[in-house]
Every structure is written in C-alpha cells, then in structure tokens.
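Visitor: Following this message is one structure expressed as structure tokens.
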Amino acid sequence: MMPIKHIFSMMLICFTQFASASEGVEIAEGIFVSVKTYDVPENEAPFFNFAEKTPESSAADKLFLKNFTTSDEIQSGFDGAIKRGWNYFFEGDYSTSARRFNQAHLLKPGHAAVLHGFGVLAIVRFKDPDYGEELLSLAIQQPDTPDMAYFDMGLLLMNNSRPADAMPFFRTATEKIPDYPAAWFNLSVSLMESSGDRDAACEVLRQAQVWIKDNTSKRSAADLNRAIGC
C-alpha cells in the first residue's frame, strides 16, 4: 500500500543519541541535555546558548528573578512566559519566543514546557531536528508534560516513517485535547499507514466528527475520508 500523504506534517525529524550524565550538561536536577550552540545572541538560543555567566548576565538574571519571590508569583510568571513564547513563535518572531522561553527556564529550570518550546524552536528556527528530537523526548519524560507535546512527538515519529510508534502519542493527544482535529486526523493516518486497518482508521474519523466545528477542518476530514476510502 502506498503511504497516505501526511497532510498535517510540520517538520522532518531525524533521531539521535540522547545526552547522558557523562556527555551532557545538567540543566536541572537529574535532567541532562547535549550542549548545542547557535550563532545568535545568547538569550535567543536554548538555555542561553550554554554561555558562561558573566557578572553582567548574572546581575540581569537576579534582577529578573527579584520580581518573583512567592510560589504563586513564580508560577504566574512562568505561565506568562510560556504563553508569550508560543504567541511570538506562531507570529514568526522566533527571537523573542526564545527569550520568553529562557525567562521561563530561569523560573523553573528543566520544566517540560521549556523543553517542549526549545525542542520545536530547534527544529523550526535552527534547522536542527536532532536536537529538537532530544528535547521533545525529554519533555515527554517530565512531570506536567504539555498536552501538545504528545501531538508533536507523534509528528516527530510520523515524519520519521514510524507510524506505529506515532500512533500511541496521537491517541494520547486525542484524549488530552479532543477538540484538536489534527490529533484525530493524524491518529487515523498512523493507523492506516502502520497496519492498513481501514476500518479502524475510518472509525477514528467518525469519532472526530463530534469535535470538528470549523469549515476548514470539515473539509480536511472529507479529504482524508476520500484518501483512506471510508
């Protein structure tokens, strides 16, 4: 069977060996990542480009953190930085997006939401799918994993021609964000491409109908129904 075109693909992912304690740097207790640097200002790269702290940068960090002293203030500041990071990302302002994710990292080092954001930025801005794959995989392993990280992990595996491995991540995404049509569509495609089970793929699309509200998603569902042969 010829594979169905993955009409919701965002990026092509290649796999790499993850960092271990012996070969990576610890960004938070028990969380190690590979050291990757990019030709951009320090605060526009993941983890401040792993630059050694200067008196000036240390003072800037302390000044920023001084605004967040209670746990509620830290949580609010963190949530706001992550939200703004994604807002800027979807506007195409990757530089400011990275700066906001770095602020979030200062507030909660190694948090899954930070790893998720940096993983997608590594792929989209820096064209570094290997590092993006490493960070997204780490995000999935942490507590408080963002719901969208499961969908992005599914895309990662799907685009690496591993639909069977992608399928459970897409299924989790449909459970956590059922009103996100692309999760259902990609689950259907991953079922079809991994097993050729047209009935199961069509059943997923039928389940998706209750969540599809906008006309664009309705047209996409109709196109996918025809492509699969439901």
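Visitor: All but one of (1) surrounded by 13 or more Cβ atoms within 10 Å (Cβ to Cβ); (2) at pLDDT below 95; (3) of a type in the set (A, V, I, L, M, F, W, C); (4) in contact with a strand residue (DSSP E or B) (Cβ under 8 Å, 6 or more places away or on another chain) hold for Phe18; state the number of the condition that does not hold.
Guide: Of everything listed in (1) surrounded by 13 or more Cβ atoms within 10 Å (Cβ to Cβ); (2) at pLDDT below 95; (3) of a type in the set (A, V, I, L, M, F, W, C); (4) in contact with a strand residue (DSSP E or B) (Cβ under 8 Å, 6 or more places away or on another chain), Phe18 misses just condition (4).
Yes/no per residue for (1) under 30 Å from Glu42 (Cβ atoms); (2) assigned to a helix (DSSP H, G or I); (3) open to solvent by less than 20 Å² (accessible area, probe 1.4 Å):
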{"site": "Pro109", "(1), (2), (3)": "yes, no, no"}
{"site": "Asp130", "(1), (2), (3)": "yes, yes, no"}
{"site": "Leu135", "(1), (2), (3)": "yes, yes, yes"}
{"site": "Ala164", "(1), (2), (3)": "no, yes, no"}
{"site": "Thr172", "(1), (2), (3)": "no, yes, no"}
{"site": "Asn186", "(1), (2), (3)": "no, yes, yes"}
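Visitor: Right, Pro129: under 23 Å from Pro178 (Cα atoms) and in contact (Cβ under 8 Å) with a residue 12 or more places away in the chain or not?
Guide: no
Visitor: Please go through segment 36-57 and give me each residue that is among the hydroxyl-bearing types (Ser, Thr, Tyr) and at pLDDT 95 or above, ordered by number.
Guide: Those that are among the hydroxyl-bearing types (Ser, Thr, Tyr) and at pLDDT 95 or above: Thr37, Tyr38.
Visitor: Considering only residues that are hydrophobic (A, V, I, L, M, F, W, C), under 21 Å from Leu156 (Cβ atoms) and either open to solvent by 70 Å² or more (accessible area, probe 1.4 Å) or not in a helix (DSSP H, G or I) (or both), which ones fall in segment 188-218?
Guide: Result: no residue meets the conditions.
Visitor: From the list Ala113, Ala139, Ala98, exactly one residue is assigned to a helix (DSSP H, G or I), touching a Ser or Thr at 6+ places or on another chain (Cβ under 8 Å) and among the small types (Gly, Ala, Ser). Which is it?
Guide: Ala139
The values are calculated or read from the model by the stated rules, or taken from the named source; none is laboratory data. Everything numeric in this text was worked out from a predicted model, so none of it was measured. Don't worry about glycine lacking a Cβ; one is built from the backbone with ideal geometry, like all the others, and counts go over all protein chains shown. For the accessible areas, the whole protein counts, side chains as well, though only heavy atoms, and no ligand, DNA or RNA atoms are used. Shrake-Rupley method; radii C 1.70, N 1.55, O 1.52, S 1.80 Å.
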